[in-house]
Amino acid sequence: MGKVNSNDKVIYEGHLTLVQRPNGTSVYDVVVSKDAAIMLYIDEEDYVHFTKQYRPAMEKEVLALPAETLDKDGFSPLEVMVEGLEEECGVSIGKKLVKYHGKLNSTDGHDTEYVHLFSAKGKGKYVGQRLEDTEKIEVVKILFEETYQMVLRNEIEGAKTGFLILREKLSREGAI
């Protein structure tokens, strides 16, 4: 979990998050979250691999790139995300296919979470999903250009997913 200051009042402690009130007297709360990772995987036929699953916070099914909470001790963000792609989408890829694009704040106004950004392109090996009993994830594959248009039409609302799609488009156009 993120940094917990002994002067901060703990408001709530859950499985993946902790809510604390800085210095015990502030008028705002801070959500202390575990960091995460997200992967834009584009296969050899230019299909982006998405996960579609129900998200209680949004009260609907959400189409997003595969992502994982960094909650496995001893594993780097890269290792967690390569394993996460295999678990969620059923695709095994070599670490050499993966590029790291840094990290970003999820919600810097009230959450400590950083999300590590990865992309990979190329042929993977389909090995089948390895979902936990509580997970129900549908894999959806969409051609990259259609994915880009969906982001522009705000049909894909996730900021991290949109960021990686837009970054890939800029890369394809030689802007970065």
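Assuming Val32 fulfils every condition listed in (1) open to solvent by less than 70 Å² (accessible area, probe 1.4 Å); (2) aliphatic (A, V, I, L, M); (3) assigned to a loop (DSSP other than H, G, I, E, B) apart from one, which condition is it?
(3)
Out of the residues in the stretch 41-73 that are surrounded by fewer than 16 Cβ atoms within 10 Å (Cβ to Cβ) and touching a Phe, Trp or Tyr at 6+ places or on another chain (Cβ under 8 Å), state the one that is nearest to Leu166 (Cα to Cα).
Filtering first and then ranking leaves Asp46.
Test each condition in (1) at pLDDT below 95; (2) closer than 18 Å to Thr51 by Cβ for Asp73 and report the one that comes out false.
The single condition Asp73 does not satisfy is (2).
Would you check which residues across the stretch 120-142 are open to solvent by 80 Å² or more (accessible area, probe 1.4 Å) and under 15 Å from Phe50 (Cβ atoms) and list them?
Lys136, Glu138, Lys141, listed by residue number.
Gly102 - would you say it is open to solvent by less than 80 Å² (accessible area, probe 1.4 Å) and over 24 Å from Ser33 (Cβ atoms)?
Considered against the rule, which asks whether it is open to solvent by less than 80 Å² (accessible area, probe 1.4 Å) and over 24 Å from Ser33 (Cβ atoms), Gly102 comes out as no.
Which condition does Glu83 not pass, out of (1) open to solvent by less than 50 Å² (accessible area, probe 1.4 Å); (2) assigned to a helix (DSSP H, G or I), if it passes all the others?
(1)
Testing Ile156 on (1) open to solvent by 20 Å² or more (accessible area, probe 1.4 Å); (2) assigned to a loop (DSSP other than H, G, I, E, B), one condition comes back false. Which one is that?
Going through the list (1) open to solvent by 20 Å² or more (accessible area, probe 1.4 Å); (2) assigned to a loop (DSSP other than H, G, I, E, B), Ile156 breaks only (1).
Which members of the stretch 19-29 meet the condition of being without any contact (Cβ under 8 Å) to a residue 60 or more places away in the chain, part of a loop (DSSP other than H, G, I, E, B) and loosely packed, with under 11 Cβ neighbours inside 10 Å?
Result: Thr25, Val27.
Hey, can you tell me all the residues within the stretch 7-18 that are surrounded by fewer than 16 Cβ atoms within 10 Å (Cβ to Cβ) and either more than 15 Å from the chain's Cα centre (by Cα) or among the aromatic types (Phe, Trp, Tyr) (or both)?
Looking only at the stretch 7-18, we keep the residues that are surrounded by fewer than 16 Cβ atoms within 10 Å (Cβ to Cβ), and these are 7, 9-16.
Hits for the stretch 7-18 are Asn7, Lys9, Val10, Ile11, Tyr12, Glu13, Gly14, His15.
Mind checking which residues of the stretch 102-119 are within 13 Å of the chain's Cα centre (by Cα) and of a type outside the set (Val, Ile, Thr)?
Correct list: Gly102, Lys103, Leu104, Asn105, Ser106, Glu113, Tyr114, His116, Leu117, Phe118, Ser119.
With respect to the numbered conditions (1) farther than 13 Å from Leu63 by Cα; (2) in contact (Cβ under 8 Å) with a residue 60 or more places away in the chain; (3) in a helix (DSSP H, G or I), which one is the sole condition not fulfilled by Lys103?
Status for Lys103: all satisfied but (3).
The values are calculated or read from the model by the stated rules, or taken from the named source; none is laboratory data. Since the model is a prediction, treat every value here as computed from it, not as a measurement. Because the Cβ atoms are built from the backbone with ideal geometry, glycine has one as well, and the counts that use them run over all protein chains shown. These accessible areas exclude ligands, DNA and RNA; they are computed on the full protein's heavy atoms, side chains included. Shrake-Rupley method; radii C 1.70, N 1.55, O 1.52, S 1.80 Å.
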